[in-house]
Structure formats: structure tokens, C-alpha cells
């Protein structure tokens with residue numbers, strides 16, 4: 001029985017030695033699992049090693065192994081040895097310095113590694129940071145590939161025809177990941193900085209600003225649009241959307257748009273996106289314009305024809321309420337064409353300059369009742385009786401007129417040939433349009 005067991009052990013040992021020999025890479029007498037087993041102990045083994053050590057090494061003629069004596073040497077110098085199998089990586093415009101110097105082994109191990117590209121450190125970001133001390137990657141907001149250490153998402157580790165070893169020029173490179181922007185660049189109106197290079201506005205590694213912006217939104221925009229900076233600086237009224245943290249981005253797309261001036265929507269729709277509620281600006285309240293228009297029987301033609309920007313500057317103005325031209329902020333002003341210049345962009349100034357006229361329906365005979373109300377040093381503002389946006393009556397006439405803290409009822413009544421009103425400022429008065437005597 002003992003003899004049978006001994007025979008079985010000998011047989012099993014022979015099979016084990018044979019299996020081990022089959023797993024060895026044996027060339028020129030080398031058995032890497034014997035003496036050099038640590039060189040191929042990692043998960044990924046260099047293909048050249050699998051084919052045989054003599055792909056890269058050749059004997060020197062000295063006895064091997066022998067203490068202190070090199071029995072083998074590289075068959076060629078690096079990088080020529082590497083280029084026997086790998087394409088040359090030093091022929092393009094921009095070559096990574098270790099590659100240009102032929103130092104493949106600065107980044108790669110020649111035998112085995114836990115990483116598929118035989119990198120000496122992994123992930124690749126750790127390897128890159130061995131040389132590249134990226135202060136530009138230490139800010140609060142990090143580009144996702146930077147945060148994940150995926151440098152090769154943007155850079156080729158060997159060579160490129162693009163500066164900074166980029167895989168492609170921007171914006172083509174950026175649009176490979178940023179799919180929404182890849183669709184935007186197809187739009188009718190494309191912002192030139194976006195079309196030219198994303199790095200005009202964005203940092204590639206990290207930033208103190210959201211979206212990796214190089215500056216705050218307003219400062220970034222006025223860096224090019226300095227005319228707007230000058231306008232805002234000298235204005236007495238600046239649109240709240242401009243001074244808000246998002247600034248220009250509240251209304252404009254920074255990349256592209258189907259609208260002119262890169263607006264995010266058609267002008268009226270865009271304005272009513274904010275002015276659909278009562279807004280507080282200091283001690284003043286701005287009415288819910290969307291609600292006013294929705295409930296109005298008559299809407300100002302300027303809104304229908306030229307939208308909100310027909311009367312208002314969307315950025316900044318030297319006039320109250322961001323108006324494009326002068327108009328009194330209070331209830332009274334001298335009845336001059338200059339004081340009411342906004343209205344006379346469309347309407348005839350004869351409305352306040354001629355005691356008698358037929359250019360208005362608000363007349364008694366040919367007596368111009370607009371002239372009556374606006375003539376003199378204390379002319380009544382148009383906004384006392386007319387709402388500049390929309391009103392429940394024809395001709396934009398309000399039901400009530402603001403008068404200090406009192407909403408004064410106008411009690412306007414329209415008739416076929418004229419009308420009447422009985423506001424708090426006078427008793428009921430009627431007017432009737434009659435043919436003007438020639």
C-alpha cells in the first residue's frame with residue numbers, strides 16, 4: 001500500500017511539473033515563472049513577453065544566471081525597440097516630452113501591469129500628476145474628466161497635431177461629450193466665441209464659477225461687449241435681470257439660438273416669463289404685466305407690433321421704467337413734445353401742440369381734449385388715463401387712475417360719437433365729435 005501511494009505522488013508531481021512548464025514563457029532557456037515570475041505576476045502581461053523574452057532581449061554571451069553579470073541585453077535601444085511593434089509616436093506637430101526623448105518606460109512598464117495600457121501608475125490621472133502639477137485643476141468646480149483623472153478623454157498621451165496634445169480642436173472635442181451643445185451649434189444663430197473655441201469662455205480644468213466659466217457671467221460678457229458696460233455704467237436704471245447673479249444668461253443663450261441676439265425665446269414670451277407676477281423693486285411694485293394683458297379688452301399696439309422693446313430698453317436706461325425715450329415718472333409734467341418723447345415716437349405731437357385738431361377722437365367738436373389735459377407746466381401724464389400695456393376699455397383707458405395713494409375711478413363711458421367721464425378731479429363731462437365747420 002505504501003508503494004502505491006509513493007508511485008501516485010511521483011505521477012502527480014510529474015503532471016504538475018509538466019503543466020507548469022506549459023504555462024512558462026520559454027525562449028532561449030528563460031522560464032519567467034521560475035526566476036522572473038514577479039515580472040509577469042500582474043493581470044495584464046505585455047504581448048511581447050507572451051511571445052517570448054527574446055522579442056526584446058538577446059544574450060550577451062556571459063553565463064546566466066551569474067551574480068553581478070548581465071547575461072542578456074535589450075536587442076535595440078528604446079524607443080527603437082518599442083517601435084518594432086508599435087507605431088512611431090514622435091512624428092506629429094506636438095509630441096509629449098517623454099515620447100520625444102524616447103523615454104517610453106517613464107510611463108509604461110515593459111512586462112506586466114494591473115492596467116490595460118501597462119501604465120506604471122493608474123488611473124492615468126495619477127500618472128500624469130507625477131509630472132504635471134495642475135494648479136488650474138484645484139478650484140471649486142472641476143471638469144468631470146479632471147475630477148475622475150481621465151486626462152486622455154481630452155489629451156493624447158503621445159502626440160497630436162493639435163496644441164497641448166488635444167485629441168481634436170475645440171469645439172469639436174468638447175461636443176463629443178456635450179451633446180446638448182452639439183445640437184445648439186446647428187442652430188440659425190451661433191455665438192462666435194462658441195463657434196470658435198469653447199475655451200474663450202470656459203476653463204478646461206477647473207474654475208471658481210459654475211459651468212467652468214472663466215469669469216462671472218456679467219464680467220465675461222462685457223469683456224467683449226464693452227459698449228454694454230459703458231451703457232450700464234452711465235444709466236440711472238439697470239434691468240434687474242442684468243444685475244442678477246446669472247446676468248446676461250437670464251435672457252440670452254451663451255451658445256446659440258433660433259432667435260436673433262441669441263435670445264432664449266421670442267421677446268414678449270421672454271419678458272413675460274418674469275413679468276407674470278407682481279415684482280418688488282425697492283419700495284416700488286411692478287404690476288403683473290402678463291395678467292394685465294390677459295384681462296385687457298385693448299392691448300397697446302406697440303406691444304403687438306414691436307414687443308416690449310418697442311418702449312423699454314432690456315438692459316439699462318437713463319429714463320424711468322427702462323424706457324427708450326423720455327416720459328414723466330410722476331403724474332404731472334410740462335406738456336412738451338420732449339417730455340413725452342416716448343409717446344411721440346408713434347403718435348403725432350399735434351395731440352398736445354394744437355388746441356384744435358381732428359387727429360384724435362378725444363375732442364369736443366374740433367376742440368382737442370388731449371391739449372386741454374396736457375397743455376401748460378402741469379400737464380397730466382398719459383398714464384393717468386391710459387394704461388401703457390393693456391386696459392379693460394378701448395383706447396387703453398383704465399377703470400381707475402393712480403392718484404397718490406388713491407385709485408381714482410374714471411367712470412369712463414363711450415358713446416358712438418364721443419363719451420363721458422366723471423373722475424374725482426372734476427364732475428361728469430361729456431364730449432361729442434361733430435363735423436368741423438369749414
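The values are calculated or read from the model by the stated rules, or taken from the named source; none is laboratory data. Bear in mind that the values here come from a model prediction, so they are computed numbers and not experimental data. Every residue, glycine among them, receives a Cβ derived from its backbone with ideal geometry; neighbour counts consider all protein chains shown.
Data for the structure
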{"read-out": "Selection status of residue 340, under 25 Å from residue 293 (Cβ atoms), in the same structural domain as residue 420 (by TED's automatic domain parsing) and either in a loop (DSSP other than H, G, I, E, B) or in contact with a strand residue (DSSP E or B) (Cβ under 8 Å, 6 or more places away or on another chain) (or both)", "value": "yes"}
{"read-out": "Residue count, region 337-361 (criterion: surrounded by 16 or more Cβ atoms within 10 Å (Cβ to Cβ) and farther than 22 Å from residue 303 by Cα)", "value": "5"}
{"read-out": "Any hit, region 169-176, residues being part of a loop (DSSP other than H, G, I, E, B) and either closer than 27 Å to residue 105 by Cα or modelled with pLDDT under 95 (or both)", "value": "no"}
{"read-out": "Selected residue [surrounded by 14 or more Cβ atoms within 10 Å (Cβ to Cβ), modelled with pLDDT of 95 or more and not assigned by TED's automatic domain parsing to the domain that holds residue 88] from 218, 181, 195", "value": "181"}
{"read-out": "Output for region 277-293, where each listed residue is within 30 Å of residue 188 (Cβ to Cβ) and either in contact (Cβ under 8 Å) with a residue 24 or more places away in the chain or loosely packed, with under 14 Cβ neighbours inside 10 Å (or both)", "value": "289, 293"}
{"read-out": "Flag if residue 229 is more than 18 Å from the chain's Cα centre (by Cα) and in a helix (DSSP H, G or I)", "value": "yes"}
{"read-out": "Breaking point among (1) in a loop (DSSP other than H, G, I, E, B); (2) touching a residue at least 60 places away in the same chain (Cβ under 8 Å), for residue 146", "value": "(1)"}
{"read-out": "Count of region 366-392 residues which are within 44 Å of the chain's Cα centre (by Cα) and over 16 Å from residue 425 (Cβ atoms)", "value": "6"}
